[in-house]
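Scroll down for the structure; my scribbles are underneath it.
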2 protein chains.
Amino acid sequence: MTSSEWKNLIARKKQEQAAAIPKEWIIKDLPPKDTLNVVGFPESCGLLTPKEIQITTAEIGPLLANIASTTWSAVEVTTAFAKRAVIAHQLVTCLTEIFVDRALKRAAHLDEILKTTGKVVGPLHGLPISLKDQINIQGLESTMGYVSWIGKPAQSNAVLVDVLEAAGAVLYVKTNVPQTLMWPETYNHVFGRTTNPYNRTLTSGGSSGGEGALVALRGSPIGVGSDIGGSVRIPAAFCGTYGLRPSYGRIPYAGCVNSMEGQDSLPSVLGPLCNSLEAVKLFMKSVATQKPWTLDPLAARKPWNEEEYLLVDHGGPNAKLCFGIMWDDDWVRPHPPVLRGLQETKKALLAAGHSVIDWKPYKHKEIVQISNAIFAAGAAEDYRVSTAPSGEPVISTMLIGVEDHDYAPKHIPGFRPLSEGVSSYDLWQVQKKRRDLRQEYLNYWNATVNITGTGRPVDAIISPCAPYVAPPHGFNTLASYTTIWNGLDYTALVIPTGLSVDPVLDTASSRDQFYNDEDKAIHALYNPQTFQDAPISIQVVGRTLEEEGVIAIGEVVDAALKNTLSKSKI
Amino acid sequence: MTSSEWKNLIARKKQEQAAAIPKEWIIKDLPPKDTLNVVGFPESCGLLTPKEIQITTAEIGPLLANIASTTWSAVEVTTAFAKRAVIAHQLVTCLTEIFVDRALKRAAHLDEILKTTGKVVGPLHGLPISLKDQINIQGLESTMGYVSWIGKPAQSNAVLVDVLEAAGAVLYVKTNVPQTLMWPETYNHVFGRTTNPYNRTLTSGGSSGGEGALVALRGSPIGVGSDIGGSVRIPAAFCGTYGLRPSYGRIPYAGCVNSMEGQDSLPSVLGPLCNSLEAVKLFMKSVATQKPWTLDPLAARKPWNEEEYLLVDHGGPNAKLCFGIMWDDDWVRPHPPVLRGLQETKKALLAAGHSVIDWKPYKHKEIVQISNAIFAAGAAEDYRVSTAPSGEPVISTMLIGVEDHDYAPKHIPGFRPLSEGVSSYDLWQVQKKRRDLRQEYLNYWNATVNITGTGRPVDAIISPCAPYVAPPHGFNTLASYTTIWNGLDYTALVIPTGLSVDPVLDTASSRDQFYNDEDKAIHALYNPQTFQDAPISIQVVGRTLEEEGVIAIGEVVDAALKNTLSKSKI
């Protein structure tokens, strides 16, 4: 395909997308480009009715209760979120597939069932849920940002789609991703760039950047992303939402398209991005209730474990917990706002009666690098095969202002150095090394039993989500604070601290010693103006397949943070 | 290393092994080579006291109860099993490491604890457990049949060793394996060949062939093997014991040595070989109780689920079940005794009130071949690296009477065709194809809901364990009836039917149509004399991580078989 041919394909796809937006939802007076923070716009633009604002800002519990009691119809709720999603899209380019008509038909059907039977279909009855582009919905495309994949509607639903629909959900939009998915920002040739609603000069993160931006603008009550190195958590952190990276196989992945399919040593996982932990829990519990392991051969046979949610492994629901805070991975030191987020979290946890110790990083860089080496074993060939049909180039930088993203100047930082693949035997040696590191890390964690004072090892690790809050486009060059937990397959939950970058509190620090050039370059990137309004988030990290426990511990952290924040506001 | 150098290493290792056998346990009047069936020998040889015979033939429940009540001391029990194991070894060459002194010290320590505290250490208090050679015990060697690995004692325990000892077990012997582990028979340069106690001209199977032979001779109440393509189930089936292949990660594997380490797409699993289902259940439950996932990062966080054991997913403990019997994989038709075993099982299940339908194989050959292709991606290089230090050749046939097992004549059947490795990207394509086949198979199974009459899909599949009962040495060339369940990661349990080859009932059948040359060659192998006395076993197959359910369903099948067998004897 010539360059003009594949660019024509893109143009056609974009026209189709534009045509899918109801005309009356098109905003004429969009904020100008130099309006950076657009978080308030959906509610001030006049397109949403007061009731629609009420619906889209409701907590998940009352929202579902109001649908179940027919106070709000599923059609009304779907309309409200779809409209708000379309507004969000016009602000930050977060959507790919938009299918409002289909969603409204489904919502009307659910309303009808409720009216006729008096019963909800399931725990998500009438709830709109947005999906990352790669999650197949029969009849819709999953281009995943590849021009080559345009025009190939999915033949069947991903298992998760069936599971969510069986639980009563309404699907209405899919969301934007970076080409290949293997980049912690969101830009591709087909749909363009998703920007951060808190500051549009900053990245929304990636690869589930469309979800991060959409959920932050409350255009979706629950968004589903995927995470192989931080792809749920980075957008969640950068956009100020909650985001859970569950363990391998906890959420069914079958039937999604993906990069590097067949790479099953360090698999990507699906996980929710939401505006509350209640919604995270609801999603996880609702999926488990549908026994996804009976539908997806790779889904873990692990029902929702209420005992684990009640923290049986952590002294019970009211026990004093001990947290280990990792301030720094000894690779790249976090920027001042990130460190302030950790400090505030520590303060809040101590105030709530918990104890906090320092978590010294253990072979952090080695674990991250070995995880990346697994991807690198066959990634280049995978990208080549995926882009070959159209001839579109593999994107090599996401910097703003670079005319051609496919041929980044050498001096520009890139996230994904492509190297040629290795033999299966050599890959096995890498995977063996990683297995050994997982064992070492587990032993290291277990050994904290001697210093916590609780009789248990550290109950959860508190970690930065990245060395920075949302950086400018093209500058998210390091995912070490998230990838490590994928490499270890630990459950990791992003919690927004409720804080954002403060020009007074978060002044640039001065350092004259650096771990390495990367540390130095990232240090130099910081000043509070560049990162204006960016949310500050933390990660709560628990063990493999410990989603119930991590959500419960997350609730403890979240409550502590909210408590100190409300006190400091008084 | 020259050939004489590595042969000297073997000689030294064999001397050490011989020296580890208490002199008074050396049998002077061993049965001559042409005594094929030696199952009765341990009890007739005069070395075991009546009490030792009582101990080594006791059911697992009373055995443990007698230790707990101090009726039998752990020292007595350990002595009895160790002595019987050493007798077994002299008959069928089933042991590698023998450490009776160490075991007796441990047993005495357990007796002391029980005496002092009045309490057992755990559910396995005082129970001797034998381990496949690859399971590391600190200070002992795990040569795994490689000359190159002689003289390298393990630096630490495998996690399972710690788990079993925490539960009160006594370890006393390790058992023989084939070089590389990737062969369903048991022969290596270091320890030689393990033969089948029911007929020493037949193979004990492999790769856990030492365990199969030892447990069959009741030299161990619970043996632990490993299974990547049938390596627990083939020896169990050929030697007439129970054997469970749990799902990936159910039993902690960390700290074992292995072939092809780092190949984590289709991993080997550990599982028990025992003389009763009660012992299988006890092992699985005891391991789960120790929360192995807190010690092994790859162990599944799945506590023993009593509800699943009570068959909640199968209509409850007393429901009528529906079984699907796979008579033939459309690749190699089973020999007459194997088919009779399935027929008797069907009869027994129908008599017990259950229903039975035919299970038509689905892409059986494709699933097995794709599983083998994953191993082949890097196996040759792995074997080369493991044998390089000594220069010992990679074994390429296990035929009896072949002088040099390393250079099999081309016309001789071999199990393991070695091919050069492939790139990681190509391996991913194979793994992707396998993932798709797993999905297809699951859908295929789920669709049986329409034909079972129970409202559920088939509750379990009944399958042959191999196309033959234990074949002569060198002739176990196909593991298709076991490898398929590894490829699908299904829980698979071998149950001895209580029957063995009968020259009257199991006459050679005549066929003139064959699926392929392999089918024809294996058909031609059969006559009842060759397979004299070989036990007949079946497999019960359930879903991934459904160990509790499969054990419970196995109990149903076992009881039904015992019931019809006892009736037919009356």
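The values are calculated or read from the model by the stated rules, or taken from the named source; none is laboratory data. Since this is a predicted model, take the numbers as computed values, not measurements. Using ideal geometry, Cβ is built from the backbone for each residue, glycine included, and neighbour counts are taken over all protein chains shown. Quick note on the areas: whole protein, heavy atoms, side chains included, nothing else; ligands and nucleic acids left out. Shrake-Rupley method; radii C 1.70, N 1.55, O 1.52, S 1.80 Å.
Quick notes on this one:
- Residue tally, condition modelled with pLDDT of 95 or more, part of a helix (DSSP H, G or I), away from chain B (no Cβ under 14 Å) and in contact with a strand residue (DSSP E or B) (Cβ under 8 Å, 6 or more places away or on another chain), over the stretch A:540-570: 7
- Flag for A:Ala20 being aliphatic (A, V, I, L, M), buried (at least 18 other Cβ atoms within 10 Å of the Cβ) and touching a strand residue (DSSP E or B) at 6+ places or on another chain (Cβ under 7 Å): no
- Restricting the stretch B:502-561 to residues that are more than 30 Å from B:Asn318 (Cβ to Cβ) and among the small types (Gly, Ala, Ser), the residue that is least open to solvent (accessible area, probe 1.4 Å): B:Ala534
- Of all residues in the stretch A:247-273, those that are more than 8 Å from every other protein chain (Cβ to nearest Cβ), in a loop (DSSP other than H, G, I, E, B) and farther than 16 Å from A:Trp293 by Cβ total 5.
- Total residues in the stretch B:470-489, condition among the small types (Gly, Ala, Ser) and either within 14 Å of another protein chain (Cβ to nearest Cβ) or farther than 9 Å from B:Gly229 by Cα (or both): 3
- Residue check for B:Asn196: in contact with a strand residue (DSSP E or B) (Cβ under 7 Å, 6 or more places away or on another chain) and of a type in the set (S, T, N, Q): yes
- Top-ranked residue of the stretch B:355-383 - restricted to ones that are part of a helix (DSSP H, G or I) and of a type in the set (Asp, Glu), ranked as surrounded by the most Cβ atoms within 10 Å (Cβ to Cβ): B:Asp382
- Residue match in the stretch B:516-527 (condition: without any contact (Cβ under 8 Å) to a residue 12 or more places away in the chain, at negative phi and in contact with a Phe, Trp or Tyr (Cβ under 8 Å, 6 or more places away or on another chain)): yes
- Residue check, B:Cys239 of a type outside the set (D, E, K, R), within 20 Å of B:Gly212 (Cα to Cα) and more than 12 Å from the chain's Cα centre (by Cα): no
- For the stretch B:302-312, a residue qualifies if it is open to solvent by less than 50 Å² (accessible area, probe 1.4 Å), facing chain A (nearest Cβ under 9 Å) and not basic (Lys, Arg), and the qualifying residues are B:Asn305, B:Glu308.
- Test for B:Gly324: is it at pLDDT 95 or above and within 26 Å of B:Pro464 (Cβ to Cβ): yes
- Annotation note: of A:Pro31, A:Pro50, the sole residue that is over 19 Å from A:Ser220 (Cβ atoms) and surrounded by 11 or more Cβ atoms within 10 Å (Cβ to Cβ) is A:Pro31.
- Among the conditions (1) within 14 Å of chain B (Cβ to nearest Cβ); (2) assigned to a loop (DSSP other than H, G, I, E, B); (3) surrounded by fewer than 20 Cβ atoms within 10 Å (Cβ to Cβ), A:Ala299 misses just one, which is (3).
- Checking B:Ser276 against (1) away from chain A (no Cβ under 14 Å); (2) crowded, with 22+ Cβ neighbours inside 10 Å; (3) hydroxyl-bearing (Ser, Thr, Tyr), the condition it does not meet: (2)
- The single condition from (1) open to solvent by 10 Å² or more (accessible area, probe 1.4 Å); (2) within 28 Å of A:Ala470 (Cβ to Cβ); (3) not hydrophobic (A, V, I, L, M, F, W, C) that A:Asp162 fails is (2).
- Among the candidates B:Trp293, B:Trp331, residue that is open to solvent by 20 Å² or more (accessible area, probe 1.4 Å) and hydrophobic (A, V, I, L, M, F, W, C): B:Trp293
- B:Ile113 being surrounded by fewer than 19 Cβ atoms within 10 Å (Cβ to Cβ), in a helix (DSSP H, G or I) and among the β-branched types (Val, Ile, Thr): yes
- Residue under evaluation A:Gly212, criteria (1) away from every other protein chain (no Cβ under 12 Å); (2) outside any helix (DSSP H, G or I); (3) on the phi < 0 side of the Ramachandran plot, criterion not met: (2)
- Qualifying residue in the stretch B:369-381 (condition: polar (S, T, N, Q) and away from chain A (no Cβ under 14 Å)): yes
- A:Leu270 being within 29 Å of B:Thr448 (Cβ to Cβ) and crowded, with 22+ Cβ neighbours inside 10 Å: yes
- Selection from the stretch B:53-98 of residues that are in a helix (DSSP H, G or I), among the charged types (D, E, K, R) and open to solvent by 40 Å² or more (accessible area, probe 1.4 Å): B:Glu76
- Here B:Val38 passes the criteria (1) in a helix (DSSP H, G or I); (2) closer than 30 Å to B:His189 by Cα; (3) open to solvent by less than 30 Å² (accessible area, probe 1.4 Å) except the one numbered (1).
- Looking only at the stretch A:475-498, and only at residues there that are buried (at least 22 other Cβ atoms within 10 Å of the Cβ) and farther than 23 Å from A:Ser268 by Cβ, the one that is modelled with the lowest pLDDT: A:Phe475
- B:Met260 being surrounded by fewer than 24 Cβ atoms within 10 Å (Cβ to Cβ) and not β-branched (Val, Ile, Thr): no
- Pick from the stretch B:415-434, criterion outside any helix (DSSP H, G or I) and more than 7 Å from chain A (Cβ to nearest Cβ), ranking: least open to solvent (accessible area, probe 1.4 Å): B:Arg416
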